[in-house]
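Below: one structure, written as structure tokens.
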Amino acid sequence: MSIVKIKDKTFKTFIPESEIQQRVKAVAEKLNRDMDGKNPLFLAVLNGSFVFAADLMRYITIPSEISFVKLASYQGTASTGEVKEVFGVTEELHGRHVVIVEDIVDTGLTMKRMLETLGTREPASLHICSLLVKPDKLQVSLDIEYAAMEIPNDFIVGYGLDYDQQGRNLRDIYRIIE
Ligand code: 5GP
């Protein structure tokens with residue numbers, strides 16, 4: 001168990017790198033089975049999913065593509081409830097099998113917004129792949145087909161996720177100590 005301090009907050013190890021890798025690999029294997037022959041387009045949501053997306057893609061063994069989109073709706077340790085626009089989608093989504101790659105689904109409002117926005121571009125199918133899900137915080141109903149891990153409501157950092165833009169480089173996932 002290790003402790004890290006980021007700015008004014010203290011965090012302790014929650015999910016070690018080895019377990020993260022096992023879970024990411026398991027999700028990738030499910031995608032390899034389900035998406036075989038569909039040339040899926042992975043749309044990874046920056047910034048938080050960049051580490052997850054990089055590991056996930058390297059466990060994907062079927063022909064596929066990846067691109068990155070951006071939105072931001074979160075500051076500090078509490079969701080502002082504000083959801084911003086999706087931008088950076090330059091690919092033609094019409095007729096494509098699209099998999100949204102997110103770091104974490106918390107209230108689900110961000111993901112719902114993404115589904116609505118991307119849905120207007122008429123993909124053949126639209127799927128959710130999230131490294132983490134906080135099931136007790138979900139405010140909307142979402143079909144999260146590819147979730148690597150479910151976690152309790154604590155605020156977490158590491159493996160791409162930040163606290164006030166820091167901590168994304170941590171190899172393990174850490175939870176906040178209140
Ligand atoms: P939602 O719209 O589902 O409430 O929020 C989703 C976004 O909030 C995530 O993409 C992520 O950026 C941020 N978020 C939610 N929970 C956490 C958390 O525990 N840690 C960090 N670092 N970000 C979080």
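With the contact rule set at Cα under 8 Å and sequence spacing of 6 or more, what percent relative contact order holds for the chain?
The value is 26 percent.
Quick one: length gained pulling E85 to Q165 fully straight, 0.36 nm per residue minus the C-alpha distance?
Between E85 and Q165, full extension yields 26.8 nm more.
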Q: Tell me the trypsin sites (Lys or Arg not before Pro) within region 3-52 that lie in a loop according to DSSP and have at most 12 other beta-carbon atoms within 10 Å.
A: K7
Q | Over 30 Å between alpha carbons, listed pairs K5/K30; K7/K137; K9/K30; K38/K137 | A | K5/K30; K9/K30; K38/K137
Q | Extreme residue, positive dipole direction of the chain, given options G48, T110, S67 (C-beta unit charges) | A | G48
Q.
I need the GluC sites (Glu not before Pro) found in region 105-158, filtered to DSSP loop residues with at most 13 other beta carbons within 10 Å of theirs.
A. none
Q: State to the nearest 20 debye the size of the charge dipole of the chain about its Cα centre, where the only charges are +1 on K and R beta carbons and -1 on D and E beta carbons.
A: 280
**Q.** region 6-58 and region 109-160: distance between their alpha carbon centers, rounded to Å
**A.** 13
Q. In degrees between 0 and 90, to the nearest 10, how far off the longest principal axis of the chain does helix 50-59 point, with axes built from Cα atoms?
A. 50
Q: Convert 10 °C to kelvin, take the viscosity as 1.306 mPa s, use the Kirkwood radius over C-alpha pairs of region 1-72 as Rh, and evaluate the Stokes-Einstein diffusion coefficient in µm²/s, rounded to a whole number.
A: 113
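Ranking H94, H127 by Cβ neighbours within 10 Å, fewest first, what do you get? List each step's numbers first, then the result.
Numbers: H94 9, H127 20.
Taking fewest neighbouring Cβ atoms as first place, the list is H94, H127.
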Q. Looking at the square roots a ≥ b ≥ c of the eigenvalues of the Cα gyration tensor of region 1-134, which shape do they give, rounded for a/c under 1.5, prolate if a/b is larger than b/c, or oblate?
A. oblate
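Where a number appears in this text, it was derived from the coordinates with a stated rule and is not lab data. Bear in mind the structure is a predicted one, so any value in this text is a computation, not a measurement. Note that we place each Cβ from the backbone using ideal geometry, even for glycine, and neighbour counts take in every protein chain shown.
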